[in-house]
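Working notes, structure below.
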Amino acid sequence: MAQNLVHKILASHLVSGKLRAGEEIAIRIDQTLTQDATGTMAYLQFEAMGIPKVRTKVSVSYIDHNMLQTGFENADDHRFLQDSAARFGAYFSRPGNGICHQVHLERFSTPGETLLGSDSHTPTCGGAGMLAIGAGGLDVAVAMGGGPFHLKMPKVLGVRLEGQLQPWVSAKDIILELLRRLTVKGGIGKVVEYHGPGVAALSVPDRSTITNMGAELGATTSVFPSDERTKAYLTAQGRSADFHPLSADAGATYDELVVIDLDTLEPMVARPSSPDNVVPVSSVAGLPVAQVCVGSCTNSSYTDLKTVAEVLKGKTIAPGLSMTVTPGSKQVYEMIAQDGTLADYIAAGARILESACGPCIGMGQAPPTDGISVRTFNRNFSGRSGTPDDKVYLCSPAVAAAAALTGTLTDPRTLGIPPPKVTLPTRYLTHDNLLIPPPAGGDVEIHRGPNIKPVPVAPELPRRIEGAVLLKVGDNITTDHILPAGSKILPLRSNIPAISEYTFTRVDPDFPARARSAGGGFVIGGDNYGQGSSREHAAMAPMFLGVRAIITTGYARIHHDNLVNFGILPLRFSNAADLATIDQGDVLRIGDVVALLRADGGVVENLTKGTRCRVSLALSERQKEILLHGGLLNLTRSQQPRAGAAA
């Protein structure tokens with residue numbers, strides 16, 4: 001029977017379950033990645049499991065998020081992560097080596113292998129034919145220890161690309177068009193597989209831009225075939241031995257199909273404050289722009305930066321406009337420095353930032369009040385930039401370059417200049433001096449700064465849950481709403497008691513104090529609750545504050561799993577209309593939690609109003625056991641052989 005590419009890779013890694021949509025499966029993980037905003041907690045969790053060495057083919061610890069060292073916290077975390085990588089047998093990517101997704105694509109992506117990363121944009125490596133999935137740090141720690149990764153078998157959404165991109169139109173416009181059609185909820189429970197005649201013209205950097213932003217669709221991951229373009233990229237990276245062809249069989253079918261005609265696609269832009277608020281840039285042309293930021297893990301490759309520089313060469317950015325450029329990796333930075341591209345940027349008036357996530361994660365470059373910021377990034381959630389009520393537009397490098405020149409949102413096709421012609425390198429610089437392989441030994445002392453606190457353990461699941469509704473929110477609540485990023489909060493990622501003081505503060509500044517005073521309780525929400533980042537802290541911090549159950553009409557995949565991993569019941573309204581019957585402050589009760597778990601649902605009583613509503617759970621038997629044990633860490637510990645036990 002003809003197989004699509006997703007089924008081929010999953011079948012070759014299947015540990016348990018069957019490839020039927022909705023059924024829980026377990027797959028073997030070949031590679032893992034962590035980054036410093038999630039990695040400290042992931043390595044603390046790995047250490048708590050008592051496993052002496054990582055058991056994957058490759059595990060890499062990256063430093064790319066918490067780069068601002070305004071206090072000791074980030075520097076202490078970086079030292080802890082370097083020591084931990086050496087102790088447990090992982091590669092360590094030093095500060096300055098680049099953004100994890102760009103570096104992993106360059107140096108480790110392998111067609112047909114699986115990658116699990118504690119970052120929602122891990123699917124970037126799907127551009128090179130990997131099945132790369134974002135997850136919470138605890139799931140990644142389990143995979144580092146050799147455990148399989150469990151997920152509900154997703155549907156496979158086939159996206160057939162026909163025709164070819166026209167001048168000034170790029171891969172970023174493809175994924176923006178898909179977001180326009182499907183929305184940020186359109187990929188939930190699905191893997192996106194790209195195929196069709198239009199694929200052949202897309203380079204691996206093009207493809208990785210598209211797979212990176214599959215996270216914004218809510219997709220489990222996205223993947224392209226491994227073909228001659230993949231071979232050319234890996235060969236240019238000096239890794240031709242890692243290439244092998246891999247594609248869907250002729251006649252392969254998909255659960256759903258979308259067709260995009262590249263011939264008719266035009267430059268697009270996502271308006272504030274959601275990646276799916278997409279329109280042609282021509283429809284908003286003329287709006288004044290205060291800031292342009294080029295980079296992030298989405299568009300910081302050599303070809304992306306070269307494209308923008310070609311437009312700016314010999315010119316000066318518009319007066320009153322601030323522009324920054326972020327090379328995605330040391331490889332990219334070295335190459336633009338050597339070929340003169342960096343000088344073109346400097347001459348044009350752009351500011352060059354270090355190879356890190358930077359403005360995309362709220363680390364600097366907050367735009368001015370009421371000023372439009374045009375960014376080649378992947379997210380424009382309200383306030384994520386660091387400016388409340390910001391006006392962030394997402395776009396391609398070409399559109400960003402046009403805005404930088406004119407000072408307004410501009411369709412680059414109207415610039416009156418030839419489109420940039422950027423040739424892909426036949427050989428990339430591969431100077432891996434900032435990528436430290438695991439040492440042969442491993443007898444390394446791990447230094448722990450005072451901000452690095454022990455992993456909090458979820459309490460045992462209570463037989464009955466009774467408490468107030470601490471907060472009620474609407475649809476599309478992001479992990480940025482639940483636990484914000486930024487230079488003030490990110491350094492506290494290894495200190496759950498401290499970071500929990502910021503839980504939901506962007507929605508309601510009084511939430512932490514109210515949760516503590518009430519001794520915990522419930523959170524009520526709408527659809528697509530927990531979209532965005534993989535940050536498990538958005539589950540750990542509410543757990544620390546006593547949140548025992550969340551009731552919504554729907555969840556984003558990673559956050560749902562993180563809630564289970566940390567012992568919080570992720571309940572769903574059986575009747576969405578019941579959402580309107582519960583208000584903040586109402587006291588709710590679940591009379592028999594274990595019975596509710598075993599029956600996949602039950603009744604929640606509203607003691608304030610004297611009403612009842614039915615709720616359900618979308619849990620596997622394994623996830624029920626996790627909750628009954630008080631979280632995945634507790635369950636994993638219970639399954640490890642005791643010291644001195646026979647092998």
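LEU409 fulfils the conditions (1) closer than 30 Å to VAL507 by Cβ; (2) surrounded by fewer than 21 Cβ atoms within 10 Å (Cβ to Cβ); (3) modelled with pLDDT of 95 or more; (4) not small (Gly, Ala, Ser) except for a single criterion, (2).
For region 199-258, residues that are under 23 Å from ARG180 (Cβ atoms) and not polar (S, T, N, Q) total 21.
Only a single criterion out of (1) under 24 Å from the mean Cα position of the chain (by Cα); (2) within 16 Å of LEU627 (Cα to Cα) is not satisfied by GLY554, namely (2).
Taking PRO359, is it farther than 30 Å from LEU182 by Cβ and in contact with a strand residue (DSSP E or B) (Cβ under 6 Å, 6 or more places away or on another chain)? The answer is no for PRO359. Do you know which residues across region 479-508 are under 16 Å from ASP389 (Cα atoms) and either surrounded by fewer than 18 Cβ atoms within 10 Å (Cβ to Cβ) or not hydrophobic (A, V, I, L, M, F, W, C) (or both)? Once the filter is applied, which keeps residues that are under 16 Å from ASP389 (Cα atoms) and either surrounded by fewer than 18 Cβ atoms within 10 Å (Cβ to Cβ) or not hydrophobic (A, V, I, L, M, F, W, C) (or both), region 479-508 yields ASP480, HIS481, PRO484, GLY486, THR505, ARG506, VAL507, ASP508.
It is to be established whether one or more residues within region 527-547 are polar (S, T, N, Q), more than 22 Å from ARG379 (Cα to Cα) and touching a Gly at 6+ places or on another chain (Cβ under 6 Å).
Going through region 527-547, the residues polar (S, T, N, Q) turn out to be 528, 531, 533-534.
Now drop any that are not more than 22 Å from ARG379 (Cα to Cα), which leaves none.
Looking for residues that are polar (S, T, N, Q), more than 22 Å from ARG379 (Cα to Cα) and touching a Gly at 6+ places or on another chain (Cβ under 6 Å), one finds none in region 527-547, hence no.
When residues in region 611-623 are screened for being surrounded by fewer than 17 Cβ atoms within 10 Å (Cβ to Cβ) and over 25 Å from the mean Cα position of the chain (by Cα), 5 of them pass. Selection within region 261-290: residues that are hydrophobic (A, V, I, L, M, F, W, C) and surrounded by fewer than 20 Cβ atoms within 10 Å (Cβ to Cβ). The member of this set that is nearest to PRO412 (Cα to Cα) is ALA285.
Going by what's in this entry, would HIS150 be described as more than 26 Å from PRO272 (Cα to Cα) and within 19 Å of the chain's Cα centre (by Cα)? It is true that HIS150 is more than 26 Å from PRO272 (Cα to Cα) and within 19 Å of the chain's Cα centre (by Cα). Residue check: ASP389 meets all listed conditions (1) farther than 20 Å from SER301 by Cβ; (2) in a loop (DSSP other than H, G, I, E, B); (3) at pLDDT 95 or above but one, namely (3). Within region 66-105, being among the hydrophobic types (A, V, I, L, M, F, W, C) and closer than 18 Å to CYS357 by Cα holds for MET67, LEU68, ALA75, LEU81, PHE92, ILE99, CYS100, VAL103, LEU105.
I'd like to check something: does region 242-249 contain any residue that is assigned by TED's automatic domain parsing to the domain that holds ARG180, among the small types (Gly, Ala, Ser) and either out of contact with any strand residue (DSSP E or B) (no Cβ under 8 Å at 6 or more places or on another chain) or at positive phi (or both)?
To start, the set of residues in region 242-249 that are assigned by TED's automatic domain parsing to the domain that holds ARG180 comprises 242-249.
Then keep just the ones that are among the small types (Gly, Ala, Ser); that gives 247-248.
Cutting the leftovers down to either out of contact with any strand residue (DSSP E or B) (no Cβ under 8 Å at 6 or more places or on another chain) or at positive phi (or both) gives us none.
No, there is no match, as no residue in region 242-249 is assigned by TED's automatic domain parsing to the domain that holds ARG180, among the small types (Gly, Ala, Ser) and either out of contact with any strand residue (DSSP E or B) (no Cβ under 8 Å at 6 or more places or on another chain) or at positive phi (or both).
Having 3 or more residues that are at pLDDT 95 or above, closer than 30 Å to GLY112 by Cβ and within 28 Å of the chain's Cα centre (by Cα) is the bar; report the strands (runs of 3 or more DSSP E) wholly within region 248-317 that clear it. Show your work before the answer.
Numbers: elements: 256-261, 268-270, 278-280, 291-294.
Here the list reads 256-261.
Quick check on GLY567: is it among the small types (Gly, Ala, Ser), in contact (Cβ under 8 Å) with a residue 60 or more places away in the chain and either surrounded by fewer than 18 Cβ atoms within 10 Å (Cβ to Cβ) or in contact with a Gly (Cβ under 6 Å, 6 or more places away or on another chain) (or both)? Criteria met by GLY567. When you scan region 500-516, how many residues do you find that are out of contact with any Phe, Trp or Tyr (no Cβ under 7 Å at 6 or more places or on another chain) and assigned to a loop (DSSP other than H, G, I, E, B)? Number of matching residues: 5.
Cβ-Cβ contacts under 8 Å between residues 6 or more apart (or on different chains), taken from a first residue in region 451-462 that is under 7 Å from GLY630 (Cβ atoms) to a second residue that is among the aliphatic types (A, V, I, L, M) and assigned to a loop (DSSP other than H, G, I, E, B), are listed as ALA458/ILE568. Just one residue in the set THR426, THR410 is under 24 Å from PRO205 (Cβ atoms) and not assigned by TED's automatic domain parsing to the domain that holds THR307; that residue is THR426. Selection of region 318-359 for residues being assigned to a helix (DSSP H, G or I), over 20 Å from VAL399 (Cβ atoms) and acidic (Asp, Glu) yields only GLU334. The set of residues in region 383-432 that are touching a residue at least 40 places away in the same chain (Cβ under 8 Å), among the polar types (S, T, N, Q) and farther than 30 Å from SER240 by Cα comprises THR406, THR408, THR410, THR414.
Condition (residue is under 26 Å from PHE377 (Cβ atoms), surrounded by fewer than 21 Cβ atoms within 10 Å (Cβ to Cβ) and either acidic (Asp, Glu) or out of contact with any Cys (no Cβ under 7 Å at 6 or more places or on another chain) (or both)) applied to region 241-249: is it met by at least one residue? Steps first, answer last, please.
Initial filter on region 241-249 (under 26 Å from PHE377 (Cβ atoms)): none.
No - not one qualifying residue is present in region 241-249.
Checking each residue in region 570-584 for being surrounded by 14 or more Cβ atoms within 10 Å (Cβ to Cβ) and farther than 18 Å from TYR555 by Cβ picks out THR581, GLN584.
The values are calculated or read from the model by the stated rules, or taken from the named source; none is laboratory data. Keep in mind that this is a model prediction, so the values were computed, not measured. For neighbour counting, all protein chains shown are included, and Cβ atoms are generated from backbone atoms with ideal geometry for every residue, glycine included.
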